[in-house]
Amino acid sequence: MNKQGLDDLCDRIAELIIKSKRIVVFTGAGISTESGIPDFRSPGGIWERFDPDDFTYQKFLGDAAARQKQWRLLRQLNLTAEPNPAHHAIAGLYRLGKLDCVITQNVDSLHQAAGVPDDRVFELHGNTQWAVCLGCHRRYPFGRVVAELDGDEEIPDCEACHGILKPDAVFFGEPLPQDVLNRAVSRSCDCDLFIVIGSTLTVYPAAYMPVYALDSGARLVIVNLSDTPMDKQAEVLVRAKAGEAMTVVLQKVEEKIG
Ligand SMILES: [Zn+2]
């Protein structure tokens, strides 16, 4: 997209943001690739090197060998990733009073790292900042659990009850955290502008959120590098990198607010 084209689209998004009262931003893997976190599903992503069938919730619970394999992969997660310009622009909207909440499919907590308060971020797929004991529900910082592991083969357990420790991220076959999901649905139904950033809207139930928003009369904006099933319903559709587009959007909102 040429610079003028991007500029015009971002200007239209900024106008919508100014006019709207309750704005929900919805993010997927595409926003975090700019922070160096690979999209698990894309070509060259993690699911080409590992078999997703080995990473189900049922196997994690039932099979110590599978659990060991899963922890070996989890140790490779990039826990040092930093928020990128897209995360900072969204946090900028919050500071301007133009953000109701972020609903995210990501497990990296980079929205909070950029300055969006915890209670304004709904992590539909959990996060990798914490590990939780499935026995006594005690929580441990994930980085500490990984740092204290002895070698490649150890499976961590709970210091208090020796129960199974599981990262707080949602596994395949594991239900989404119901309270988070309920609140995300209600915020989607109550918003007047729904902005999708870096999601192809193909993973459900997360991808129902923009449907709820549209059905409730909200306007839809999509910023994503590839097609989504909802492109035709978007009032503004931008094919650009999230960081590039959202930085321009925030500048324009700031200019218009004055
Ligand atoms: Zn425990």
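The values are calculated or read from the model by the stated rules, or taken from the named source; none is laboratory data. This is a predicted model, so every value here is computed, not measured. Don't worry about glycine lacking a Cβ; one is built from the backbone with ideal geometry, like all the others, and counts go over all protein chains shown. Surface accessibility is based on the protein's heavy atoms, side chains included, excluding ligands, DNA and RNA. Shrake-Rupley method; radii C 1.70, N 1.55, O 1.52, S 1.80 Å.
Odds and ends about this structure:
- Computed over the chain: relative contact order in percent, which uses C-alpha pairs under 8 Å that are six or more apart: 27 percent
- Cα coordinate range in segment 111-258, projected on the principal axes (Å, largest first): 54, 30, 28
- Per residue convex hull volume, Cα atoms of the chain, in Å³: 123 Å³
- Going by accessible surface with a 1.4 Å probe and the largest first, K21, K232 read K232, K21.
- Under the Debye formula (equal points on every Cα, no solvent term), log10 I(q)/I(0) of segment 9-162 at q = 0.17, 0.18 Å⁻¹: -1.07, -1.16
- Accessible area of segment 151-208 belonging to carbon and sulfur atoms, whole % at 1.4 Å probe: 54 percent
- Averaging the Cα positions of each part gives two centres, and for segment 225-252 and segment 161-200 these lie 22 Å apart.
- Based on protein heavy atoms only, the chain ends up with 47 Å² per residue of surface accessible to a 1.4 Å probe.
- Modelled FRET efficiency - R0 22 Å, D150 with E48, Cβ distances, 0.05 increments: 0.15
- Length-normalised contact order for segment 193-258 - Cα pairs under 8 Å, 6+ apart - percent: 30 percent
- Contact order relative to length of segment 62-177, as percent, for alpha carbon pairs under 8 angstrom and 6 or more apart: 23 percent
- L134-K3 FRET efficiency (beta carbon distance; Förster radius 41 Å; 0.05 resolution): 0.20
- Förster-model FRET efficiency, 41 Å R0, H162 and T80, C-beta, rounded to 0.05: 0.90
- Heavy atoms of T80: accessible area, 1.4 Å probe, square angstrom to 10: 110 Å²
- Split the accessible area of segment 7-113 by element, probe 1.4 Å, and carbon with sulfur accounts for 51%.
- DSSP bridge orientation in the chain - percent antiparallel, rounded to nearest 5: 25 percent
- Note on segment 52-80 and segment 94-114: Cα centroid distance 27 Å, given to the nearest whole angstrom.
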